[in-house]
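Q: Here's a structure for you.
What follows draws every value from the coordinates through simple rules; no lab data is involved. From a predicted model like this one, the values you see are computed outputs, not experimental measurements. Here Cβ is always computed from backbone atoms with ideal geometry, including for glycine, and neighbour counts include all displayed protein chains.
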Amino acid sequence: MLLFVPRARPTGATKAATDGVSSLGHVVESLGVPLTEVGALLVDGREVPAGHVPAAGESVAVRAVEHPQRVPGAPLRFLLDVHLGTLARRLRLLGVDTAYESTDIGDPALAARSAAEQRVMLSRDRGLLRRRELWAGAFVYSTRPEEQLAYVLDRFRPELRPWSRCTACNGLLRRATKDEVADQLKGGTHRTYDVFAQCGECGRAYWKGAHHEQLVAIVEQAVAAHSERR
């Protein structure tokens, strides 16, 4: 969490003022740490809730969220903001229920959707993750899609069902005949491929095209790592 509190480097500690009214959760957030990233809070060695009001002289230890993180409710679902499009497509590729906003609809609307649909909000926006109405949330630390995916899978351990969702809209895929998707096929594709899937929501057709090997590598690496964690 030193990413959020630069002044705590290199010792891992910093001083914070208390007013005798604000909760410990509020104090931690005032230092720049979203509560989505906070696990146990220890005051002088004993665990306390985020609502604890700290007093002068207390020593507070802020632990990171444990992995895997358990989120209330099922099934586990995600919502990603406009900056995480590649991560959204990769999660969908693995069959993880992932909503994604391709345009910036604003923090209030994202938080409201997270709450209404009980989705874990994934973002690199600390302000968004501090909104009280969020169902749950997590900060995505890396800017590299492969590292982002590995982190989310390690932190939440969602059930993987590769090749079951549309990477464009998150809808569920079904097997389709060539005739059913013929209007989406160019001449070479129509002649070369015979196995297809189609999204039940947006109608997009899928087949094992030129980029299939790259997608297979992403899926196999994720599934192998997921199996090792169990």
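Q: Can you give me the Cα centroid spacing of region 166-216 and region 80-106 in angstrom?
A: Rounded to whole Å, the Cα centres lie 20 Å apart.
Q: Right, something else. Straight-line reach from Lys186: which lysines have a Cα under 20 Å away, not including same-chain ones fewer than 8 places off?
A: Answer for Lys186, where 20 Å is the Cα cut-off: Lys178, Lys208, listed by chain and number.
Q: Along region 153-168, what does the Karplus equation 6.51 cos²θ - 1.76 cosθ + 1.60 (θ = phi - 60°) give for ³J(HN,Hα), rounded to whole Hz, x for Gly and Pro?
A: These are the phi-based 3J(HN,Hα) values: 5, 6, 6, 10, 6, x, 5, 9, 9, x, 6, 9, 10, 6, 6, 8 Hz.
Q: Return the FRET efficiency for the residue pair Asp179, Arg204: r is the Cβ-Cβ distance, R0 is 25 Å, and the value is rounded to the nearest 0.05. Could you put the intermediate results ahead of the total?
A: On the way: r = 16 Å, r/R0 = 0.65.
After rounding, the FRET efficiency stands at 0.95.
Q: Starting at the first residue of region 195-203, write each ³J(HN,Hα) from the Karplus equation 6.51 cos²θ - 1.76 cosθ + 1.60 with θ = phi - 60°, in whole Hz, x for Gly and Pro.
A: Result, ordered by residue: 10, 9, 10, 9, 6, x, 9, 9, x Hz.
Q: Which one of Ile105, Leu185, Pro158 has its Cα pushed farthest toward the positive end of the charge dipole of the chain, where Lys and Arg give +1 and Asp and Glu give -1 at the Cβ?
A: My answer, from the dipole projection, is Leu185.
Q: Antiparallel as a % of all DSSP beta bridges within the chain, to the nearest 5?
A: On the way: 14 of 24 bridges.
About 60 percent, rounded to the nearest 5.
Q: Under 5 Å between amide H atoms, partner at least 5 residues away or on a different chain: which partners does Tyr100 have, H built in plane at 1.01 Å?
A: Leu80
Q: Might you report the magnitude of the Cβ-based charge dipole of region 78-161 about its Cα centre, with Lys and Arg at +1 and Asp and Glu at -1, to the nearest 20 debye?
A: On the way: 14 positive and 12 negative charges, 30 e Å.
I would put it at about 140 debye.
Q: Among Ala16, Val71, Leu129, flag the residue with its Cα farthest along the positive direction of the charge dipole of the chain, charges on Cβ as +1 for Lys/Arg and -1 for Asp/Glu.
A: Among Ala16, Val71, Leu129, the one farthest towards the positive end of the dipole of the chain is Val71.
Q: Mind listing the long-range amide H neighbours of Ala176? Cut-off is under 5 Å, sequence gap 5 or more, other chains count too, H placed in the peptide plane at 1.01 Å from N.
A: Hits under the 5 Å cutoff: Phe196, Ala197, Gln198.
Q: Using each residue's phi in region 94-99, evaluate 6.51 cos²θ - 1.76 cosθ + 1.60 at θ = phi - 60° and report the 3J(HN,Hα) Karplus result to the nearest Hz, with x for Gly and Pro.
A: Each residue of region 94-99 in turn: 8, x, 8, 5, 9, 8 Hz.
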